[in-house]
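Below is one structure, written out as structure tokens; comments come after it.
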Amino acid sequence: MAEFDLSATFIPSLHKPSSLLPIARHRQSLLYLIETYPVTIVVGQTGSGKTTQIPQYLEQAGWCAEGKIIAVTQPRRVAATTVAIRVAEEMDCKIGEEVGYSIRFEDVTSSKTRIKFLTDGLLLREALVDPLLSRYSVIMVDEAHERSLSTDVLLGVLKKILKKRRNDLRIIISSATLQAEEFLNFFAGDAEMQSNLKQEPQSAVTLDDLIAQGGQKPNPTSNEIGQIISLEGRTYPVDILYLENPAEDYVEKAVQTVFDIHTKEPDGDILVFLTGREEIDNAVQRISERAASLHPRAQALMALPLYAGLSTEQQMYVFEEAPENTRKVIFSTNIAEASITIDGIVYVVDTGFVKLRAFNPLTGIETLTATPVSKASATQRAGRAGRTRPGKCFRLYTEPNYQQLSESTIPEIQRSNLAPVILQLKALGIDNIVRFPFLTSPPSELIIRALEVLYSLGALDTYTKLTQPLGTRMAELAVEPMMAKTLLSSQTFGCVSEILTIAAMTSLGGTIWVPHDGEKKKMETARRKFAVEEGDHITLLNIYQAFITKGKKEARFCHDHYLNFKALTRAVSIRAQLKRYLERFGIPIPESLSSNPNLQPLSVGGPDKGEQIRRCLTTGYFAHAARMQPDGTFRNVAGGTVLYAHPSSLMFNRKAEWVVFHEVMEMGGKSYVRDVSRIEKGWLVEYAPEFYRFA
Ligand code: CDP
Ligand code: MG
């Protein structure tokens with residue numbers, strides 16, 4: 001008799017049944033708390049089922065009756081999309097029907113949508129139109145422990161909404177770490193008192209301690225506004241290993257460690273924390289190159305990237321099981337620390353760094369810098385290894401280094417450019433920013449700087465009241481204030497159509513080019529075809545023009561010109577959305593762009609048009625002005641910050657005097673400006689006399 005072949009008889013289930021998730025046992029008590037209290041705080045290990053299950057429980061319990069919607073906010077766009085897709089799968093519906101998501105410039109919802117995943121920033125934006133968020137029966141603020149800028153502001157707004165007339169609204173705050181009491185006190189406490197409270201240092205209790213105590217925090221805070229519920233989740237022990245000596249190059253060390261694990265350790269996938277896209281692509285490449293040296297019969301190694309700029313499809317690969325006889329290694333940004341759970345991870349490699357935003361109110365420059373993680377982050381990262389069985393975490397730093405890390409990460413609201421947030425609060429009718437209930441108050445220098453910039457942009461008057469219609473419109477436009485101002489000035493300069501394109505193109509964040517393997521030089525040549533002397537903004541305009549006249553129709557066009565078809569298609573859609581805003585404001589949009597079949601750089605309707613565009617950019621970006629030094633670097637006006645032209649910029653290796661730039665990014669400890677255009681010094685004083693009154 002033939003042997004009974006297990007693997008031929010059983011097909012592994014696609015998903016682990018949701019009834020096996022730790023949250024399943026808490027279903028009844030969760031629903032009871034949500035029914036009873038305005039605020040429910042859910043604390044549970046990443047992977048316990050908070051994000052994917054709670055909205056489904058609510059829907060089944062009738063919280064979507066009478067057309068109401070359940071909103072689940074995420075600080076990250078990637079999390080909003082992947083989680084929505086997953087829940088739609090579990091509910092066996094098409095994404096955009098009962099389950100949908102909405103992120104900036106991408107709305108995948110319909111009138112059928114009952115469960116909606118969206119970024120916290122987008123929900124704030126919805127409050128502009130619907131101040132009481134009355135479409136929603138329940139709002140779940142997910143990943144609240146991350147303390148993203150928008151989460152913090154959203155919590156303040158929700159507190160205000162609860163105080164006003166909405167006693168039917170339910171709020172769920174979900175957190176992977178133990179800040180539960182702080183959240184509850186925030187909702188329970190008096191607004192004025194709260195904003196003056198100093199933040200207590202975070203307690204050093206770990207989730208494991210909590211679980212060891214039977215899943216209940218001692219003396220859970222409870223009062224009439226809300227309750228805390230902890231979901232015990234099974235975790236396995238994780239061995240933590242440190243380096244004996246600090247690593248010089250953590251990307252290289254991470255790649256070596258992955259190979260060591262692969263050749264010496266038993267089965268199990270690997271998760272590596274790096275800080276950003278460039279590092280991740282680089283590491284994935286190094287793995288693929290070196291994987292060739294593995295023994296042909298040895299287990300294969302499959303490297304996958306995970307970061308925010310990936311397409312939704314690319315992101316979904318990381319969730320798929322690796323092919324037979326293959327070990328999966330995922331190189332990820334902080335996304336995988338708590339917002340996204342990947343099953344099967346047994347080994348974690350923690351480089352100890354994360355990219356954090358930091359805004360300098362003196363120079364007005366916001367940078368995204370690789371910074372050492374906090375102890376709380378390191379613990380959370382290590383925990384990713386022990387979800388399905390005992391695991392190991394390789395920390396690419398020494399134990400004394402670990403001891404020196406700060407306890408927890410500083411909330412974003414204390415280190416960000418607050419201009420967009422303050423503009424939004426003003427538009428929500430919250431005039432007294434200082435009395436707004438912030439979970440943690442932002443430093444006053446940040447508030448002052450933001451008010452100054454908004455005033456110089458014309459969004460606020462001398463009493464810091466929102467101006468009409470400029471300020472209100474700026475708040476409504478889904479782009480940051482400097483670009484909003486540029487768009488709203490464009491009518492005066494007769495370049496509405498061109499600025500719409502530039503706004504859409506700059507919002508792609510440097511994903512326009514795709515280098516093919518080893519053809520960097522050719523890509524440069526292709527890039528030069530679109531370039532114009534005036535700078536990157538008009539170059540972007542040329543690329544867009546070429547794309548809509550040729551690239552959309554000819555399959556090879558994008559490939560031949562090293563352009564990213566998907567990104568450019570996104571630009572077309574973003575442009576259309578921005579155009580609708582302007583139309584709503586009654587701004588006429590003459591679409592008079594000539595076609596550009598020969599790919600000669602456009603003169604954009606004569607030299608004057610180019611100048612008008614650059615003048616218009618200056619009305620929005622005057623705070624991002626810089627002057628070139630004899631050595632080719634730039635200095636911003638306000639301070640001695642040394643800025644380099646980004647290698648992708650036209651101003652790289654070129655002469656200019658004064659420029660404005662779209663953004664600053666940090667690489668290897670240097671600040672690079674991206675999307676740079678020449679301007680005249682005199683324009684700064686002309687368009688921002690208050691800001692440059694000293695000039
Ligand atoms: O929110 P929380 O971290 O508590 O858990 P979750 O995201 O709801 O995840 C519950 C389960 O669904 C985990 O086992 C995840 O691995 C799985 N999941 C998945 O396989 N694919 C996704 N896109 C999201 C979740
Ligand atoms: Mg979650």
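Overview of results
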quantity	calculated
Long-range HN-HN contacts of Glu663 with modeled amide H, under 5 Å	Arg674
In sequence order, calculated HN-Hα J values of segment 439-446 (Karplus, 6.51, -1.76, 1.60; Hz; x Gly/Pro)	4, 9, 6, x, x, 5, 4, 5
Kirkwood hydrodynamic radius of the chain, from inverse mean 1/r over distinct Cα pairs, in Å	27.0 Å
Ordering of 113-119, 131-137 by burial proxy (mean other Cβ atoms within 10 Å per residue, highest first)	113-119, 131-137
Whole-percent carbon and sulfur share, accessible surface of segment 422-478, 1.4 Å	57 percent
Among Ala625, Gly586, Thr549 - extreme Cα towards positive end, dipole of segment 477-687, charges at beta-carbon	Thr549
Whole-number percent relative contact order across the chain, with pairs defined as alpha carbons under 8 Å at least 6 apart	11 percent
Percentage relative contact order, segment 426-476, counting C-alpha pairs under 8 Å, at least six apart	32 percent
Amide H within-cut-off set for Val108, under 5 Å, with H built and near neighbours excluded	Tyr101, Ser102, Ile103
Charge-dipole axis of the chain as Lys and Arg at +1 and Asp and Glu at -1 on Cβ define it, positive-most pick from Leu563, Gly47, Ile172	Leu563
³J(HN,Hα), Karplus 6.51/-1.76/1.60, whole Hz, each residue of segment 98-105, x for Gly, Pro	4, 10, x, 9, 9, 10, 4, 6
Surface share of carbon and sulfur [accessible, 1.4 angstrom probe, percent] for segment 232-334	47 percent
Principal axes of segment 452-572: Cα extent on each, largest first, Å	56, 26, 25
Check: the chain dipole with +1 on Lys, Arg Cβ and -1 on Asp, Glu Cβ, in debye	1360 debye
Cα-only Debye scattering, segment 374-499: base-10 log of I(q)/I(0) at q = 0.11, 0.14, 0.18, 0.20 Å⁻¹	-0.59, -0.72, -0.91, -1.05
Zero-based 5 Å bins, Cα pair distances in segment 238-413, whole percents	1, 8, 17, 22, 21, 15, 8, 4, 2, 1, 0, 0
Summed residue charge, Cβ within 13 Å of Ala338's Cβ, Lys/Arg positive, Asp/Glu negative	+2
For Ser174, residues with placed amide H under 5 Å, excluding near neighbours	Val42, Val141, Asp142, Glu143, Ala144
Rg over Rh, two decimals, segment 241-342 (C-alpha only, Kirkwood Rh)	0.95
Peptide ranges 349-359, 682-692 listed from the most packed, as the mean C-beta count within 10 angstrom indicates	349-359, 682-692
Cα-based Kirkwood hydrodynamic radius, segment 613-691, one decimal, Å	12.4 Å
Solvent-accessible area per residue, Å², over the chain with all protein chains present [probe radius 1.4 Å]	44 Å²
Segment 45-149, accessible surface, carbon-and-sulfur percent (1.4 angstrom probe)	48 percent
Percentage relative contact order, segment 238-413, counting C-alpha pairs under 8 Å, at least six apart	32 percent
Inter-site label distance for Ser648 and Leu20 at 7 Å from Cα along Cβ, in nm	4.3 nm
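The values are calculated or read from the model by the stated rules, or taken from the named source; none is laboratory data. Everything quoted here is computed from the prediction, not taken from an experiment. Here Cβ is always computed from backbone atoms with ideal geometry, including for glycine, and neighbour counts include all displayed protein chains. Please note that ligands, DNA and RNA were not included when accessible areas were found on the heavy atoms of the full protein model with its side chains. Shrake-Rupley method; radii C 1.70, N 1.55, O 1.52, S 1.80 Å.
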